[in-house]
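Structure record follows, encoded as structure tokens.
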Amino acid sequence: MTLTPESTSKAADGGFTWVGLVDRDQRDVLAEVRRLAAHPALREDSLQRGRPPKLEVLDGQLLVIAWDIAPDKVAKRPGEIIILAGDVRLLTVQWDGDGPARALRPLVERDDAAGATPLGAAYRILDAVVCDYEATVASIESELDQVETQVFDPDVEEDYERIYRLRRRIGHLDRAASALRQGFETNSDALDELLQDDPELRTFFRHMRSDLTAIADLLSTQRMTLDAVVSSHENNVSSRQNRDMRTIAAVAALLALPTVAAGLYGMNFKDMPLLHAQNGWVFVVIATVVLDVGAVLLFRRRGWMGSNQRHDS
């Protein structure tokens with residue numbers, strides 16, 4: 001097994017050891033989790049792919065499972081980042097989604113106010129993920145405005161695929177952000193205790209919690225707005241189907257008039273009007289055409305045919 005320690009130094013010098021694994025099997029991950037001496041509950045969460053997002057503090061160790069969502073991409077399956085931070089070791093496990101895994105080295109090695117500790121590096125990684133959440137929710141807001149304009153414009157046929165892609169984006173991001181916010185709330189006291197020796201980093205984590213709360217609240221509003229858009233889209237589809245049915249019924253009525261005339265004169269009765277008159281068929285055809293033209297004008301006036309078809313309210 002080849003490990004990839006991105007940054008290694010002695011704990012006595014104020015450094016820490018980071019091991020980053022990308023798309024490894026469970027044996028590789030299990031070996032590193034054991035070196036970290038993680039609690040059995042955290043160990044189980046670290047091994048499995050496809051677990052829901054969460055944040056948990058247990059036995060002085062921080063576990064974060066975050067969905068890595070790209071702001072400019074609609075992914076069928078988001079990537080996953082598992083962060084397990086101890087006193088002197090940091091383990092990250094990444095599972096690819098529909099795109100390449102995020103580069104974590106610059107985040108772990110960055111020298112900033114969060115500090116050169118496993119928890120500081122964990123904060124930087126999670127902060128990058130949350131920043132992408134903020135960019136994604138802003139992108140969703142912009143696209144939602146465009147979809148709203150499209151759906152409520154009676155002269156534009158909306159793109160239903162775009163609507164349901166937007167619903168998928170909101171769903172992914174809502175589950176990702178809400179779960180992390182819930183983790184911060186549930187483990188608030190334990191996280192404060194874990195960060196009691198680093199008040200500055202504790203402030204950073206509190207700020208992140210506020211960001212996640214704002215994102216989750218905005219996503220809740222966006223979800224309700226999208227529900228209204230979907231409802232309007234379904235009404236529009238129903239309205240278009242009704243207009244199509246009216247047009248089909250009108251055309252059937254126009255075809256029925258000459259069909260009735262032909263049927264009557266084709267029954268071989270002896271005493272039919274104009275049957276024996278010279279050029280009688282001309283009068284029958286003219287009468288049929290006049291009735292059809294009158295029916296067309298009536299249908300157009302009622303909005304059943306033509307470009308002025310009425311929209312259902």
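The values are calculated or read from the model by the stated rules, or taken from the named source; none is laboratory data. All figures in this text were calculated on a predicted structure; none of them were measured in a lab. A quick note on method: Cβ atoms are made from the backbone with ideal geometry, for glycine too, and the neighbour counts reach across all protein chains shown. Areas reflect the complete protein model, heavy atoms only, side chains present, ligands, DNA and RNA absent. Shrake-Rupley method; radii C 1.70, N 1.55, O 1.52, S 1.80 Å.
Quick notes
- Each residue in region 68-88 was checked for being open to solvent by 40 Å² or more (accessible area, probe 1.4 Å) and closer than 15 Å to Arg124 by Cα, and 0 pass.
- Selection from region 89-111 of residues that are farther than 10 Å from Ile125 by Cα and in a strand (DSSP E or B): Arg89, Leu90, Leu91, Val93, Gln94, Trp95
- Of all residues in region 18-56 being touching a Leu at 6+ places or on another chain (Cβ under 7 Å), within 25 Å of His172 (Cβ to Cβ) and modelled with pLDDT of 80 or more, the one that is surrounded by the fewest Cβ atoms within 10 Å (Cβ to Cβ): Glu56
- Whichever residue in region 102-115 is touching a Ser or Thr at 6+ places or on another chain (Cβ under 9 Å) and open to solvent by 50 Å² or more (accessible area, probe 1.4 Å) and, among such residues, is farthest from Phe205 (Cα to Cα): Arg105
- Qualifying residues in region 234-279 (those that are at pLDDT below 75 and of a type in the set (Ser, Thr, Tyr)) - the one most open to solvent (accessible area, probe 1.4 Å): Tyr265
- Residue within region 205-217 that is open to solvent by 80 Å² or more (accessible area, probe 1.4 Å), farther than 11 Å from Val57 by Cα and in a loop (DSSP other than H, G, I, E, B) present: no
- Residue that is most open to solvent (accessible area, probe 1.4 Å), among those in region 218-233 that are within 27 Å of Cys131 (Cβ to Cβ), touching a helix residue (DSSP H, G or I) at 6+ places or on another chain (Cβ under 9 Å) and free of Cβ contacts under 8 Å to residues at least 60 places away in the same chain: Arg223
- Subset of region 169-204 that is in a loop (DSSP other than H, G, I, E, B) and without any contact (Cβ under 8 Å) to a residue 24 or more places away in the chain - its residue that is least open to solvent (accessible area, probe 1.4 Å): Gln196
- Residue that is farthest from Ala31 (Cα to Cα), among those in region 60-82 that are part of a strand (DSSP E or B), aliphatic (A, V, I, L, M) and in contact with a Leu (Cβ under 7 Å, 6 or more places away or on another chain): Ala66
- Selection of region 10-59 for residues being among the basic types (Lys, Arg) and in a loop (DSSP other than H, G, I, E, B) yields Lys10, Arg24, Arg49, Arg51.
- When Gly115, Gly120 are checked against the criterion of being within 22 Å of Leu191 (Cα to Cα), over 27 Å from the mean Cα position of the chain (by Cα) and assigned to a loop (DSSP other than H, G, I, E, B), Gly115 stands alone in meeting it.
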